[in-house]
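A.B. asks: One structure, as structure tokens, below. Some questions next.
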Amino acid sequence: MQALITIARYLAKRAVKTEWRAQGRKVQYIDIREITNATNTYLGEHKAELLREAWRHPALVRHRQQQGQRLAQRAVISAIRQKGQRVNSIAPEELQKLVREYVEEHPELRECGCF
């Protein structure tokens, strides 16, 4: 998952900058390549903990919820179309009700952290 790696890199970069600031270095004057190299090193050394922290990050939690919502909505719309009904004729509130019922019927969506 690209979002997971992106947030892990963000957390690694933030940790490197915080460490340098604690040493008294002026981060705004450090070359970008040096920051990137230090971030890559930090990410390599602390990969497991950064990935765990990134998995619990609020932005990624919200991203997983949105993906799960889209997946459930696509499945419901596909089922409606297979029955020969038109999706445009269904009210948005009714569609949301059908999506909630779909999620209740499929607990694997909750297990993956989508809801």
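The values are calculated or read from the model by the stated rules, or taken from the named source; none is laboratory data. None of these values were measured; they are calculated from a predicted model. As a convention, Cβ positions derive from the backbone with ideal geometry for all residues, glycine included, and neighbour counts pool all protein chains shown. SASA here: full protein model, heavy atoms, side chains in, ligands and nucleic acids out. Shrake-Rupley method; radii C 1.70, N 1.55, O 1.52, S 1.80 Å.
A.B. asks: Identify the residue in segment 105-115 that is in a helix (DSSP H, G or I) and at pLDDT below 85 and, among all such residues, is farthest from H63 (Cα to Cα). Steps first, answer last, please.
C.D. replies: Quick first cut of segment 105-115, residues in a helix (DSSP H, G or I) only: 105, 108-111.
So of that shortlist, the ones also at pLDDT below 85 come out as 108-111.
Working: E108: 17, L109: 14, R110: 14, E111: 15 Å.
Among those residues, the one meeting the criterion is E108.
A.B. asks: With the structure loaded, tell me whether Y102 is aromatic (F, W, Y) and more than 30 Å from W20 (Cβ to Cβ) or whether it fails that test. Break it down into steps so the answer makes sense when it comes.
C.D. replies: Details: aromatic (F, W, Y): yes; more than 30 Å from W20 (Cβ to Cβ): yes.
So Y102 passes the test.
A.B. asks: Could you check how many residues of segment 44-100 are under 27 Å from M1 (Cα atoms) and not in a loop (DSSP other than H, G, I, E, B)?
C.D. replies: From segment 44-100, those under 27 Å from M1 (Cα atoms) are 44-78, 96, 99-100; that's our starting set.
Now narrow it down to the ones that are not in a loop (DSSP other than H, G, I, E, B): 44-45, 47-55, 58-78, 96, 99-100.
Here the count works out to 35.
A.B. asks: Look through segment 1-43, keep the residues that are part of a helix (DSSP H, G or I), of a type in the set (G, A, S) and modelled with pLDDT of 95 or more, and return whichever of them is most open to solvent (accessible area, probe 1.4 Å). I'd like the intermediate steps shown before the answer.
C.D. replies: Step one: list which residues in segment 1-43 are part of a helix (DSSP H, G or I), which gives 2-22, 27-29, 32-43.
Those still in the list that are of a type in the set (G, A, S) too: 3, 8, 12, 15, 22, 38.
Subset that is modelled with pLDDT of 95 or more: 8, 12, 15, 22, 38.
Numbers: A8: 2, A12: 0, A15: 29, A22: 91, A38: 25 Å².
Ranking the candidates gives A22 first.
A.B. asks: Further, regarding this structure: Need pairs with beta-carbon distance below 7 Å; first residue without any contact (Cβ under 8 Å) to a residue 60 or more places away in the chain and at negative phi and within segment 59-78, second hydrophobic (A, V, I, L, M, F, W, C) and open to solvent by 60 Å² or more (accessible area, probe 1.4 Å); sequence gap 6+ or separate chains.
C.D. replies: Every condition considered, the pairs that remain are Q65/F115; G68/F115.
A.B. asks: Oh, and also: Residue check, L60 against (1) farther than 30 Å from E93 by Cβ; (2) surrounded by 16 or more Cβ atoms within 10 Å (Cβ to Cβ), all met but one. Which one?
C.D. replies: Checking L60 against (1) farther than 30 Å from E93 by Cβ; (2) surrounded by 16 or more Cβ atoms within 10 Å (Cβ to Cβ), the one that fails is (1).
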